[in-house]
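The values are calculated or read from the model by the stated rules, or taken from the named source; none is laboratory data. Please read all numbers here as calculations on a predicted model, not as lab measurements. Don't worry about glycine lacking a Cβ; one is built from the backbone with ideal geometry, like all the others, and counts go over all protein chains shown. Quick note on the areas: whole protein, heavy atoms, side chains included, nothing else; ligands and nucleic acids left out. Shrake-Rupley method; radii C 1.70, N 1.55, O 1.52, S 1.80 Å.
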Amino acid sequence: MEIDNAASEYHNKIISEAIIEASPNGNGWRILFHKTGGDTIALTDHGGTEKLYHTLDHATDILKSAGIKTIRVEEHF
């Protein structure tokens, strides 16, 4: 899901929150969206490739600039 679509779905209450977590590959942070129906979907670019961010701050800034205010950070050990 691209950021513009995610922002629209967040404002229409289809997405309840964004989740930032470390990439399973260990090369950055990824953003997931939790939908009110229970599904979780990743943030992707226009080609469908999952977006990764080098810093937690950058990932957070992307979400805030899209108007997404409910953000959870998870780090699995």
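Points to keep in mind about this one:
- Length-normalised contact order of the chain in % [C-alpha pairs under 8 Å, at least 6 apart]: 36 percent
- Candidates 49, 15, 5 compared by Cα position along the dipole of the chain: farthest toward the positive end lies 15, with charges placed on Cβ.
- Environment charge of residue 24, counting only residues whose C-beta is closer than 14 Å and scoring Lys/Arg +1, Asp/Glu -1: -3
- Each label was represented as a point 7 Å from its Cα along the Cα-to-Cβ direction; for residue 14 and residue 40 these points are 2.0 nm apart.
- Applying the Karplus relation 6.51 cos²θ - 1.76 cosθ + 1.60 with θ = phi - 60° to segment 46-56 yields 3J(HN,Hα) values of 5, x, x, 7, 4, 7, 10, 10, 6, 10, 5 Hz, where x marks Gly and Pro.
- Heavy atoms of residue 9: accessible area, 1.4 Å probe, square angstrom to 10: 40 Å²
- Taking amide H atoms as placed 1.01 Å from N in the peptide plane, the amide H of residue 33 lies under 5 Å from those of 19, 41, 42, 43, each 5 or more residues away in sequence or on another chain.
- Rounded, prolate or oblate (a/c below 1.5 giving rounded, otherwise prolate when a/b exceeds b/c) for segment 1-70 by Cα gyration tensor: prolate
- Placing +1 on each Lys and Arg Cβ and -1 on each Asp and Glu Cβ, with no other charges, gives the chain a dipole about its Cα centre of roughly 180 debye.
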